[in-house]
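Structure record follows, encoded as structure tokens.
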Protein chains: 2
Amino acid sequence: MQFMTDHDKQTEERIFEAATEVFIEKGLDGSRIQDIADRAGMNKSLLHYYYRSKDRLFDAVFEMIAMKMLKKFAPVFEGDLTLEEKIRFFFREHLSFLQKNPRLPAFLLNEVNRHPERIRKFLANINIENLWKMLYDQHKDELDQYNITREKMPQIITTMASLTVFPFAAKMLLVELFGKAGIKFDDYIEERKTFAADFMISALKNMNRSNPEDESKIKKNDNKKKK
Amino acid sequence: MQFMTDHDKQTEERIFEAATEVFIEKGLDGSRIQDIADRAGMNKSLLHYYYRSKDRLFDAVFEMIAMKMLKKFAPVFEGDLTLEEKIRFFFREHLSFLQKNPRLPAFLLNEVNRHPERIRKFLANINIENLWKMLYDQHKDELDQYNITREKMPQIITTMASLTVFPFAAKMLLVELFGKAGIKFDDYIEERKTFAADFMISALKNMNRSNPEDESKIKKNDNKKKK
DNA sequence: GTCTATAGAAGGATAGAC
DNA sequence: GTCTATCCTTCTATAGAC
């Protein structure tokens, strides 16, 4: 089994892998059964034999990809680290994962927008409120210190997702725009692992200092630091 | 002209508007000439009469949308404001624009990924390096004070875009996830106008303070501020 | 299980009447 | 300019031989 070639793989598995590639590249609407059969090196009627229809095949692929993404997301926030360590860990791990799977964000965001019915069943399992409640409770002391209230958690969580997901969702755009300036996308992502973490931590620690509505607190804080 | 109904509009314009709606909703691959004709209330052969082919019609629509987005982006950074004022202005204006055009981010990002050849000609006009050089030069004093080097500008610009674009690109996802937690997307965006600005400003002002690699610089800066 | 052949529907595009 | 009718291609899906 160690020297198993593509052709030795089970047919169903080969279909699934080819379909994954094609769907990620072209989306559901842009993909053709024939393309998938070609990439899997077989007759297209075999796809119907194993998966009944294009839609069912897509659902199988979509579920796998959604789960893959999800599994990488949540566990990052478990474990016995400080808030700052968790943030650094998240950006390093999640951006590394996306470097290996650069097309997942664009694929998922697009299909969610084009076929929202299709994704409801996957989202039913996700309780995002748990995620931010868990995070908040675990790090209440640190967050209190920075004047971050529980109500800010949705903004904070989505901000972290923005910082990692957007560059990949907009990869084609950035590659094109950066190219003219002599910047390589890969270098930019590598740099982002620490930039995003520094940025996030710095913002959290000092939001009260920069918020004009909190002038009084700022002055109080400044005094504290000076003494 | 004031009481002009849909039916009085010029045919070409009606086609263009219907096409814009359908393409934004379903993407190029998912849109059907027949859908557009139906929405415009006319025979589908008229679309060919005016636009020759589906692709040409799409190009016209795409160019209009890309320009609309672009025109809203750049001018935000002109004018004689402080860096902080510009950042606040950007988040307020850009998020307000997206509130009125919530599907543009998902549409643009998707088409850019699915049909990159098609967008090269639009991107040729954009020099993003100019944008960040301009910003950097205009606010060199403020940025120096915060130890933000010119090399950080790509990270900063893309971070600002992330914070506004991502929530709309992922709108369907967020609506679904927030719904269970009793959060309304519109409220979240409204709150984001100030949150993102506060967050950005706070991060910029204090990145050196939070970056462990810059301990020495932090102390130097603290001293400067105290005297 | 895998292939060939083909049904059957849908989509883009055009010719030609008015 | 606008409509009807129709061509041609492409796509999903199935029937049936092996």
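The values are calculated or read from the model by the stated rules, or taken from the named source; none is laboratory data. On a predicted model such as this, the values are computed, not experimentally measured, just so you know. Every residue, glycine among them, receives a Cβ derived from its backbone with ideal geometry; neighbour counts consider all protein chains shown.
For this structure, a couple of remarks:
- Positions within the stretch A:123-149 being surrounded by 17 or more Cβ atoms within 10 Å (Cβ to Cβ), away from chain B (no Cβ under 13 Å) and more than 25 Å from A:A66 (Cα to Cα), in sequence order: A:Q138, A:H139, A:L143
For (1) touching a residue at least 12 places away in the same chain (Cβ under 8 Å); (2) within 16 Å of DNA strand D (Cβ to nearest atom); (3) hydroxyl-bearing (S, T, Y), each residue gets a yes or a no:
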{"residue": "B:Q34", "(1), (2), (3)": "no, yes, no"}
{"residue": "B:A40", "(1), (2), (3)": "yes, yes, no"}
{"residue": "B:L46", "(1), (2), (3)": "yes, yes, no"}
{"residue": "B:D59", "(1), (2), (3)": "yes, no, no"}
{"residue": "B:E63", "(1), (2), (3)": "yes, no, no"}
{"residue": "B:L70", "(1), (2), (3)": "yes, no, no"}
{"residue": "B:L83", "(1), (2), (3)": "yes, no, no"}
{"residue": "B:N101", "(1), (2), (3)": "yes, no, no"}
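Conditions (1) within 16 Å of DNA strand C (Cβ to nearest atom); (2) over 18 Å from the mean Cα position of the chain (by Cα); (3) in a helix (DSSP H, G or I), marked per residue:
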| site | (1), (2), (3) |
| --- | --- |
| B:L70 | no, no, yes |
| B:I126 | no, no, no |
| B:M134 | no, yes, yes |
| B:D137 | no, yes, yes |
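- Any chance A:L57 is assigned to a loop (DSSP other than H, G, I, E, B) and in contact with a Phe, Trp or Tyr (Cβ under 7 Å, 6 or more places away or on another chain): no
- Condition check for A:L81: surrounded by fewer than 18 Cβ atoms within 10 Å (Cβ to Cβ) and assigned by TED's automatic domain parsing to the domain that holds A:A196: yes
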